[in-house]
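Trainee: Pasting a structure below so you can have a look.
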Amino acid sequence: MKEALKEAIKAKEIDEVPVGCVIVYNGEIIAKAHNLKESKHSSLYHAEINAIKIACDHFNNWHLDDCELYVTLEPCLMCTGAIINSRIKKVYFAASDPKGGAFISNVRIDEIPNLNHYPEYETGLLKEEAAALLKEFFKSKRRRK
């Protein structure tokens, strides 16, 4: 999660919402990414989506069955869908997202019937650091207005 936080800081430095993500396979980081929605002018460039793309390129395959994903904020519905479709084994997220989270906050992934894959998940790892980074970013944005 420390590496995901480093990615979140990279996002903040380019005025992106500070969310970072890494994907691990057999204990080795194979993908690192952060939000690029503002830079790329597209809602699709979430940290998780960017990392999943890198991991798929790494394997030249869309199956990420034995991979674990670490992200600083609870994945949204779009990212949760990509995680499910990629067959990622386990997701670790630092801070929950009461507005957009789709693992436990607004949607409980394990309560959706008939999905073809249910990733394991764990939350709270470096939660305070991730939440503080987000709060500081949005506070700074409000001051600039």
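The values are calculated or read from the model by the stated rules, or taken from the named source; none is laboratory data. Bear in mind the structure is a predicted one, so any value in this text is a computation, not a measurement. A quick note on method: Cβ atoms are made from the backbone with ideal geometry, for glycine too, and the neighbour counts reach across all protein chains shown. The area values use the complete protein model at the heavy-atom level, side chains included, leaving out ligands, DNA and RNA. Shrake-Rupley method; radii C 1.70, N 1.55, O 1.52, S 1.80 Å.
Trainee: Among the candidates ILE30, ILE52, which residue alone is over 15 Å from VAL91 (Cβ atoms) and among the β-branched types (Val, Ile, Thr)?
Mentor: Values: ILE52 fails: over 15 Å from VAL91 (Cβ atoms).
Selected residue: ILE30, the only one of ILE30, ILE52 that is over 15 Å from VAL91 (Cβ atoms) and among the β-branched types (Val, Ile, Thr).
Trainee: Here are the criteria: (1) over 23 Å from LYS32 (Cβ atoms); (2) open to solvent by 50 Å² or more (accessible area, probe 1.4 Å); (3) small (Gly, Ala, Ser). Tell me which single one SER140 does not satisfy.
Mentor: It fails just one condition, (2).
Trainee: Count, please, the residues in the range 60-72 that happen to be farther than 14 Å from VAL17 by Cβ and in contact (Cβ under 8 Å) with a residue 12 or more places away in the chain.
Mentor: So the answer is 9.
Trainee: With the requirement that a residue be surrounded by 22 or more Cβ atoms within 10 Å (Cβ to Cβ) and out of contact with any His (no Cβ under 9 Å at 6 or more places or on another chain), what does the range 1-26 give you?
Mentor: First, the residues of the range 1-26 that are surrounded by 22 or more Cβ atoms within 10 Å (Cβ to Cβ): 4, 7-8, 11, 18-23.
Result: VAL22, single match.
Trainee: Tell me which residues, restricted to the range 27-52, are among the basic types (Lys, Arg), surrounded by 14 or more Cβ atoms within 10 Å (Cβ to Cβ) and over 20 Å from ALA102 (Cα atoms).
Mentor: Taking the range 27-52 first, the residues among the basic types (Lys, Arg) are 32, 37, 40.
With surrounded by 14 or more Cβ atoms within 10 Å (Cβ to Cβ) added as a condition, the list becomes 32, 37.
Hit for the range 27-52 is LYS32, nothing else.
Trainee: Could you please find all residues in the range 41-54 being outside any loop (DSSP other than H, G, I, E, B) and either farther than 16 Å from ALA130 by Cβ or free of Cβ contacts under 8 Å to residues at least 24 places away in the same chain (or both)? Can you show your working first?
Mentor: Start the filter on the range 41-54 by keeping residues that are outside any loop (DSSP other than H, G, I, E, B), which leaves 47-54.
Residues satisfying the conditions are ILE49, ASN50, ILE52, LYS53, ILE54.
Trainee: Oh, and also: Six or more apart or on different chains, Cβ atoms under 7 Å: show the pairs whose first residue is in the range 27-40 and among the β-branched types (Val, Ile, Thr) and whose second is surrounded by fewer than 17 Cβ atoms within 10 Å (Cβ to Cβ) and not in a loop (DSSP other than H, G, I, E, B).
Mentor: Correct list of pairs: ILE29/GLU3; ILE30/HIS58.
Trainee: Same structure, new question: Which residues, taken from the range 55-96, are assigned to a strand (DSSP E or B), open to solvent by less than 10 Å² (accessible area, probe 1.4 Å) and under 23 Å from ALA132 (Cα atoms)? Break it down stepwise before answering.
Mentor: As a first pass, look at the range 55-96 and keep what is assigned to a strand (DSSP E or B): 67-73, 90-95.
Restricting the remaining residues to those that are open to solvent by less than 10 Å² (accessible area, probe 1.4 Å) gives 67, 69, 71-72, 91, 93-95.
Passing the criteria: LEU69, VAL71, THR72, VAL91, PHE93, ALA94, ALA95.
Trainee: Regarding the range 101-112, can at least one residue be identified that is among the hydroxyl-bearing types (Ser, Thr, Tyr) and either part of a loop (DSSP other than H, G, I, E, B) or open to solvent by 80 Å² or more (accessible area, probe 1.4 Å) (or both)? Steps first, please.
Mentor: Quick first cut of the range 101-112, residues among the hydroxyl-bearing types (Ser, Thr, Tyr) only: 105.
From what is left, the residues that are either part of a loop (DSSP other than H, G, I, E, B) or open to solvent by 80 Å² or more (accessible area, probe 1.4 Å) (or both) are 105.
For the range 101-112, residues among the hydroxyl-bearing types (Ser, Thr, Tyr) and either part of a loop (DSSP other than H, G, I, E, B) or open to solvent by 80 Å² or more (accessible area, probe 1.4 Å) (or both): present.
Trainee: Which residues, counting only those in the range 113-126, are loosely packed, with under 15 Cβ neighbours inside 10 Å and in a strand (DSSP E or B)? Write out each step before concluding.
Mentor: Just the residues of the range 113-126 that are loosely packed, with under 15 Cβ neighbours inside 10 Å, to begin with: 113-118, 120, 122, 124.
Of everything in the range 113-126, those that are loosely packed, with under 15 Cβ neighbours inside 10 Å and in a strand (DSSP E or B) turn out to be GLU120, GLU122.
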